Structure formats: C-alpha cells, structure tokens
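The values are calculated or read from the model by the stated rules, or taken from the named source; none is laboratory data. Small disclaimer: the values here were computed from a predicted structure and weren't measured. Every residue, glycine as well, gets a Cβ built from its backbone with ideal geometry; the counts of neighbours run over all protein chains shown.
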Amino acid sequence: MLLHRVASFLAASLVILSCANFAAQTAPSAPDRPWKSPYEQQIQTQNHNLPAPNFVVDPNKAYSLAELVDLAEQHNPQTRFAWERAKAQAAALGIAKSEWYPVLGALASGEVDRNGLLFNTNYVRQTTTTSELALALDYSILDFGRSPRIQQAAAQLLGTDFGFNDTHRKIIYQIEQAYYRVLSTAAQQQAAEANLANAQAVQSAAEDRLTNGLATRPDVLEARSATAQAQFDLQSAIGAGEIARGDLAAALGTSASVQVKVEPVTSLTTPESVDDTVEQLIDRALQQRPDLLQQVADLRSREAAVKEAKSAYYPTLKLGVVAGQQYLYGFQEQFPTAQTSLFAGSAAATLNWTIFDGGARRSNLALAQANSRATAAQIDTTRNQISDEVWRAYSNVKTAFRQRQAATSLLQSAEESYSAALEAYNYGVRNLLDVTNAQRVLAQARSTDITARTQVLTTLAELAFRTGDLLRTGAAPGKP
C-alpha cells in the first residue's frame, strides 16, 4: 500500500512538472495583448538580483580624458565580454592541442552472474563474481587533420584577441565623443547664458527708453521676445548637457544618472595641423586596424579548415590498450568454490580509411575553399572601406581647422558689431531692430565658435579612431 502511494505521488509530481515546463515554453495566447505569465515575476526578480556596477565615480573630482578612458576600459561591460570570449577561445585552443596526447583512464567494474548450467541430465546452479581494476590508453597515432584543427583554433584565438583590441578602440572613441559632447554642451550653456544677459540688457535699455519717451512699445515687445528666445535657448542647452553627461556615464559602464565632472576644454591642447599625409595615415590604418587584422586571422582559420577538409582523404590510425587485474570467484552447487586473480589486458590498432562517402569529402572541401575565398574578398572590401574612412576623416580634420579660423573671426566681428549697435542705440542713433539683430548674430557666432572648436577635437578623435592610433594610448594588453 505504501509503495502504491509513493508511486502515485511521483506520477503526480511528474505530471505537474511537465505541465509547468510546457506552460513556460508556450507562445503568447493572443496577438492583441501583452504576454503575461507567472514566470515573468521570476525573471524580473532574477534580473533585479543581478550584480550592479560596483565602482564609484568621485562626484568632487574633475576627470581628465585619460582618466575617463581608463575607467571605461576597466568597467565597461563590453570590454569584459570581449575578454571572456578571448579566454574561452584560449581554452578551445587548449582542447585542440590535447589531441597530441593520449587519453589515459582508470576502469573499475564488477559483475555477478547467477544461472543454471546443464550437467548431464541435471541443471546445476552456479554463481560467478568478476571484478576488475584496469587502465585504458587511447592514442591517435596518425591523424592528418590534427595539425590543421590546432592551426584553426590558434587562428580563431588571434581573431578574438584582435576583436578584444577593437572593442577597446571603440570604447575609447565612444568616451572621447561623449567627453567632447559634454564640453561642447557646457560651453553652449555658457554662451546661452551670455546671450540671455545680452538680451536682458537690450530689454532693460528699451524699457528705460520707453519710460523716458524715447522708444515705442513695439520696441519693448521685440526686446522681450528676444529675451524669451534666449531663455528658451538656454533651457535647450541645459537639457543637451544633461543628456551628454548621461551618455558619458553610460559609456563608463555605470548608470546614466551618475554625475561625472570633467576637466574644462581649456585643459586640452589642440594641434594646428596634422603632420602626417593622408597616404601615411592610410598605410598605418591598413597595418594596425584591429578589425582588419581580425579578418586576416579569420582567413588563416579558413585556410586551416581547407587543410582539415583535405585530410579527410587520408587514413587515421588509433591504438587502444587496456591492462589491469581481474578477481574471479565462482560457486557451483555440490562442488567446492573456486577463486583466482590474474593480470589481463588487450591491445588493438585500428586503421580507418574512408573509400567512398557519396561525395561528402569533396563537397566539404569545396565549402571550405569557398569560405576561404569569400574571407579574402571581404578583406579586400574592408581595406577599401578603411581607406575611404581615413580619407573622409582626414578631410573633415582639414575642414574643421579652416572652420575654426573662420569662426574666431566671425565671433570677433559679431562682438564688435553688437557693442557698437548697443552703444549707438543708447545714444538714439540706431533703432532696436538693429540691436536685436546684432544680438542674434552674436549669439549665433558664439555657438558657431564653440562648435568649431569642439569639432576640431571631435574630428581628430575620429581620425585616430579610423587609423587605429587610439590604441597607442589605451590600456595595457591582457586585461580589460
């Protein structure tokens, strides 16, 4: 009765578990409403319990660009992901290299047989017990595909290592972009504040002149409209700055709500020109870009795969050896027991040579060769793409240098024009429209000057990204 209850309980448990697994693997029941399931809460709880970033950003420290890059390389999850992939591929290479060594295992077995043995006209019941402790050796003496498989795994490790470097290149560039955007928005906010102060000064002058009967109400309304526009522009600049700082925090690998202080743009030195020619930059990019080197390593892996496919046409030879001690015990009715121990073993060599496989080897070789040629073609495409990227980045840098010079002259002229217009208005020589127009031109000139200055830094960073020069100042290899 007890066994029957236990069996019933186990059967019911299996049914419940199978139904639960089935429910967890079903699709949403309808297309017109969100999917709801009790497993949603389980996943949400698990997601909540996952560890959060554990590094702290000092809220009182103004970080330099180099310090921000160092923080990102240490804590951005993308670098850890690429690092773990590289370590996994290194383990795969170790697995491939293990084929050079034999496999040695320990065996332990025991067996009891009881049956009837026909003796004359009677069956005699006998019991035999066998136990054995042995070592088994398995070794591939001849395998033409072993070396290509190791070469393929080694090339794949090179590819993941270059991919790890490329992740650092992208992280550094992402930090630089976010950093320069923070500087740009901060400078734009300062310019917006100055524009607001100018607009308020114009509004105050217009209201004073209206009080003294020297201006009209439309003049005051125009000045107030300019002040409202300047206030709107200031709020837009503040919002853009908050977004830029959130992007920088996310690039570091922490929450976007974390406040990160950065050094001002005045701490950066900006070159006046690029020393290298575009030909030198392209040559350097083709030599050191990690994404291109990753594809070259992939080509080496494809070539090893071709060698492995060719090895299928050759035989393999394996050796198997088993040796150990056997313990035997036997008993038959009406006879005395017998027992003994002896050393036993076996050795076998197996030659395997496929004669016919329906064209599988030929097709596998054609597949490997096609993949190799496709990878080589992809490398040519990447080379052309890199050359074009460097050319574009170099042209953008030269344009940014020229725009910075023009923006400096524009700002100087706009400041002089605004000061002269405001002074002339106070003396009653110019009208308010001339002043507000000069104020708008000055506001635009300030914004253009800031954009031009940060554009130089941004285009230089892009040029270093396209050539791969960013890795020259990156973290030491081997750790994220």
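Worth pointing out:
- Scanning segment 399-430 for residues that are crowded, with 16+ Cβ neighbours inside 10 Å and not in a helix (DSSP H, G or I) yields a single hit, Arg430.
- Single residue of Ala338, Ala312 found to be among the small types (Gly, Ala, Ser), surrounded by fewer than 16 Cβ atoms within 10 Å (Cβ to Cβ) and at pLDDT 85 or above: Ala338
- Filter pass, Ala134 being assigned to a helix (DSSP H, G or I), hydrophobic (A, V, I, L, M, F, W, C), surrounded by 13 or more Cβ atoms within 10 Å (Cβ to Cβ) and in contact (Cβ under 8 Å) with a residue 40 or more places away in the chain: no
- Residue, nearest to Thr277 (Cα to Cα), within segment 408-421, restricted to residues that are polar (S, T, N, Q) and free of Cβ contacts under 8 Å to residues at least 24 places away in the same chain: Ser409
- Hey, Ala134 of a type in the set (A, V, I, L, M, F, W, C) and not assigned by TED's automatic domain parsing to the domain that holds Tyr327 or not: no
- Taken together, the residues in segment 410-444 that are within 18 Å of Ser204 (Cβ to Cβ) and either of a type in the set (Val, Ile, Thr) or in contact with a strand residue (DSSP E or B) (Cβ under 7 Å, 6 or more places away or on another chain) (or both) amount to 2.
- Pairing each residue of segment 392-407 that is on the phi < 0 side of the Ramachandran plot and touching a residue at least 24 places away in the same chain (Cβ under 8 Å) with any residue that is crowded, with 19+ Cβ neighbours inside 10 Å and aromatic (Phe, Trp, Tyr), provided the two are 6+ apart or on different chains, yields C-beta distances under 8 Å for Ala393/Phe465.
- Within segment 32-66, tally of residues that are touching a strand residue (DSSP E or B) at 6+ places or on another chain (Cβ under 9 Å) and not in a loop (DSSP other than H, G, I, E, B): 3
- Any hit, segment 178-201, residues being in contact with a Lys or Arg (Cβ under 7 Å, 6 or more places away or on another chain), in contact (Cβ under 8 Å) with a residue 40 or more places away in the chain and farther than 24 Å from Thr448 by Cα: no
- Any chance Leu68 is among the aliphatic types (A, V, I, L, M), in contact (Cβ under 8 Å) with a residue 60 or more places away in the chain and exposed (fewer than 14 other Cβ atoms within 10 Å of the Cβ): no
- Qualifying residue in segment 72-87 (condition: out of contact with any Pro (no Cβ under 7 Å at 6 or more places or on another chain) and either under 30 Å from Ala323 (Cβ atoms) or in a loop (DSSP other than H, G, I, E, B) (or both)): yes
- Single match in Phe162, Phe144 (criterion: of a type in the set (Phe, Trp, Tyr) and under 29 Å from Ala347 (Cβ atoms)): Phe144
- Filter result for Ser255 (farther than 30 Å from Arg440 by Cβ, assigned by TED's automatic domain parsing to the domain that holds Ala72 and of a type in the set (Ser, Thr, Tyr)): yes
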